[in-house]
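The block underneath contains the structure these notes are about, expressed in structure tokens.
Please treat every number below as a calculation from the coordinates, not as lab data. Note that this is a predicted model, so its numbers are computed, not measured. Heads up, the Cβs are rebuilt from the backbone with ideal geometry, glycines too, and the neighbour counts pull from every protein chain shown.
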Amino acid sequence: MFIEAWKVETNGLLQKIEASRGLLPEISALDTHMEYAAEIASEGNCHGHRAEIVLIETAKAIAAFEGRKGMLKEDIAEAARFVLPHRIREKRKVVDGREQRSDKNHSNESCGEQDQQAVLTQEQKPPSGEKDTTGAYQEREKTYLENTLQTVSNQCNEKIDKLEDIFEISLSVDQMTDKRKRRGSGRKNKTITDSGQGRYIRYTFPKGKAKSIAFDASLRAAAPYQITRDKKGMAIAMKASDLREKVCEKRTGATILFVVDASGSMGAGKRMGTVKGTILSLLNDAYQKRDKVGMIAFRKNGAEVLLDITRSVNLAQKRLKELPTGGKTPLASGLYKAYELLRAAKRKDPNIFPLLVLLSDGRANVSLNGEDAVKEAFDAAKCIASEGIKSLVIDTECGRIRFGLASEISSHLGATYHKIDNLTDCKLEQAVRNILI
């Protein structure tokens, strides 16, 4: 009954889609259309140029669906309803020659939902009209987007720790090649790949059927036997024993999990502000290198996964800025939670480069099983190291009296160790070396 009730309408839509597919190749974007799409994407503070490209392609699809061979600016405005909500980012302002986020644009989790609901809804759709294609129409569109973004921003006033300076951190590694065959994409590490993608660096003898033949090496292997072999009218006579297989090298991204101490001790001396600035610096590098990121915070009596493993660096930044401080330090809980999350990620994709970044003073004071809290943290660190997970420990301890517990945890992790107060004095290009080799 249901199928029959909607059969006519469904068939009509199907015919309309088939017709639009024929029209789509005939639709092209004018310079004014591309400029308009770029203005909208710029007003939304979208990363890169993907937003305007998708705007244009979506607008073409809308025009084709409506049966037109030409695209209108109204099509771009309608396309923005689908393209922009998840791409819109907070406004930045320039301070001391650098881009930093405006304090008034801090947002919370509810803002992320309001962002998608509020931006470019049908009710707020900009005015249309083919005649109004000059600067006045574009100015109204610009004002509309500004007001929408400002409305979303004004609804998010939660007080958070102010960010300190963002450094030029680079999670770069020495130019060494990972010998394990991996798949995936990114810009951080060179790794051997069996997918045939990447740069051909050498050849090897195939095990079974050759996946990607190295013609130069195969020809060299066959060359000495050409005098004695029957070529059967061919220029070269080759046998299966002559075949060589390509060994290719490509770059892959990392999976970086931030484990952040959000206990009460981190609120003293603006330490959490410095920690957030450090993490944001690492996130900026992760975005450039196409890394995946995740975030765990531990405070009070347990640990919480703020962000599961994702490529959305913007979402990680939002979760970080919402993070409050207070309570005790359940360090063991945070480390075990990280262990479980990264181990699950490795099971899902054995080809990942896992990296744990711990930011804490190491002063564990909450036990999981009634034992010594510090010992439990050491045991959790040993579990992570046994899983083959690379780690970086940034010690946030400050003041005259220092226990050095973060340094001991770093030893159990087999991690690279740095003090956060030293990170503010250098560019940090060399702060993280040999992490993912």
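Taking each of LYS69/LYS292; LYS289/LYS382; LYS207/LYS292; LYS328/LYS419; LYS300/LYS419 in turn, the alpha-carbon distance tops 31 angstrom for LYS69/LYS292; LYS207/LYS292.
By the count of neighbouring beta-carbon atoms within 10 Å, fewest first, ILE394, ILE17, ILE420 end up ordered ILE17, ILE420, ILE394.
Counting neighbouring Cβ atoms within 10 Å and putting the fewest first, the residues LYS337, LYS348 line up as LYS348, LYS337. Ordering PHE2, PHE378 from the fewest to the most neighbouring beta carbons within 10 Å gives PHE2, PHE378. The fraction of all Cα pairs in segment 192-250 landing in successive 5 Å bins from 0 to the largest distance is 4, 21, 26, 19, 14, 9, 6, 2, given as whole percents. Normalising by residue count, segment 276-319 has a Cα convex hull of 60 Å³ per residue. Quick check on segment 252-423: of the DSSP beta bridges with both residues there, what percent are antiparallel, nearest 5%? Among the beta bridges of segment 252-423, antiparallel pairing accounts for roughly 20 percent.
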